Amino acid sequence: MLEIKNLHAQFEDTKILKGVDLTVNPGEVHVLLGPNGSGKSTLGRVILGDEKYEKTEGTINFKGEDFEEFEPSERAQAGFFFTFQSPPEIDGVSVKDFLFAAKKAFEPDFASSFKFKKGLTQTLEDLRLPGEFIDRETNLGFSGGERKKIEMASMMTLNPDCAFLDEIDSGIDIDTIKQIGKTIREFLSDKSKSLILVTHSDKLLEEIEPTHVHIFGQGVILKSGGKELVAEIQEGGFDKHVKKANTKLNVVN
Ligand code: ADP
Ligand code: MG
């Protein structure tokens, strides 16, 4: 599904990603754990093709195609979905119209219908957001948690092949985290889907069964393993891994 090799990227003159290798197959759930500022969100943005970041080395292949040639909208249309950590407000466009337009960009033949509206209302209600939110201007005056729920509703509406959820659970109350977990499990019930999840919260990891866990630090994946890495980080934190990587880098230099 997604194959990233030796990815290097920078923002202006600052190198952020320094050689990321990551392969995500259908049906896999990859969790990225790492300290703030280590480059996790940048990874998602570079996969999506955010032009603020310059990709300096490496390749990103999605479903067998080189993303290099794709605009961000084409990357989304190809089936890659990335949530914003701070989703923007879209004045004058209701949640319903926004998501309908997005869906139509995916599927030009998609027609608005009672069913679409009903399905979306249900998705929002499942996420503990009153159904009338579908008629509100997108994200205008929404709380942080409400915006995250709209991101989840976008994912469910667009039904991408690979979703990168970036701290979807931050600022969310415990009951809603359970709901988000349930929504993610519903998405993953189709075994052809794959997920990359960045989180700092144990609560969401109780809801989702990762197949792969990666410790991300200083722009690279420092260690990969299974669920046992979650417990290791919960107990020992990131410092040990980051220090070890520093030592290694010094040796190489
Ligand atoms: P993480 O998501 O792991 O917390 P980020 O990918 O957001 O980390 O950021 C990695 C580093 O790159 C940070 O030091 C951050 O300040 C910097 N950075 C990323 N994007 C920008 C940007 N648009 N403007 C300025 N600095 C940025
Ligand atoms: Mg981040």
Residue check, G92 against (1) within 16 Å of ligand 2 (Cβ to nearest atom); (2) on the phi > 0 side of the Ramachandran plot, all met but one. Which one? (1)
In segment 33-43, what residues are closer than 25 Å to I184 by Cβ and either more than 8 Å from ligand 1 (Cβ to nearest atom) or open to solvent by 20 Å² or more (accessible area, probe 1.4 Å) (or both)? L33, P35, N36, S41
Give me the residue from segment 171-199 that is in contact (Cβ under 8 Å) with a residue 40 or more places away in the chain and within 16 Å of ligand 1 (Cβ to nearest atom) and, out of that set, surrounded by the most Cβ atoms within 10 Å (Cβ to Cβ). I196
Under 6 Å by Cβ, and 6 or more places apart or on different chains, what pairs join a residue from segment 7-18 that is under 9 Å from E57 (Cβ atoms) and at pLDDT below 95 with one that is assigned to a strand (DSSP E or B) and aromatic (F, W, Y)? none
Would a scan of segment 62-85 turn up a residue that is without any contact (Cβ under 8 Å) to a residue 40 or more places away in the chain, hydroxyl-bearing (S, T, Y) and within 16 Å of ligand 2 (Cβ to nearest atom)? no
Residues in segment 50-97 that are open to solvent by less than 30 Å² (accessible area, probe 1.4 Å), at pLDDT 95 or above and within 14 Å of ligand 1 (Cβ to nearest atom): how many? 1
Residue that is modelled with the highest pLDDT, among those in segment 200-250 that are more than 17 Å from E28 (Cβ to Cβ) and among the hydroxyl-bearing types (S, T, Y): S201
When you check I16 against the structure, is it assigned to a helix (DSSP H, G or I) and either more than 11 Å from ligand 1 (Cβ to nearest atom) or open to solvent by 10 Å² or more (accessible area, probe 1.4 Å) (or both), yes or no? no
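The values are calculated or read from the model by the stated rules, or taken from the named source; none is laboratory data. Please read all numbers here as calculations on a predicted model, not as lab measurements. We place every Cβ from the backbone using ideal geometry, glycine too, and count neighbours over all the protein chains shown. SASA here: full protein model, heavy atoms, side chains in, ligands and nucleic acids out. Shrake-Rupley method; radii C 1.70, N 1.55, O 1.52, S 1.80 Å.
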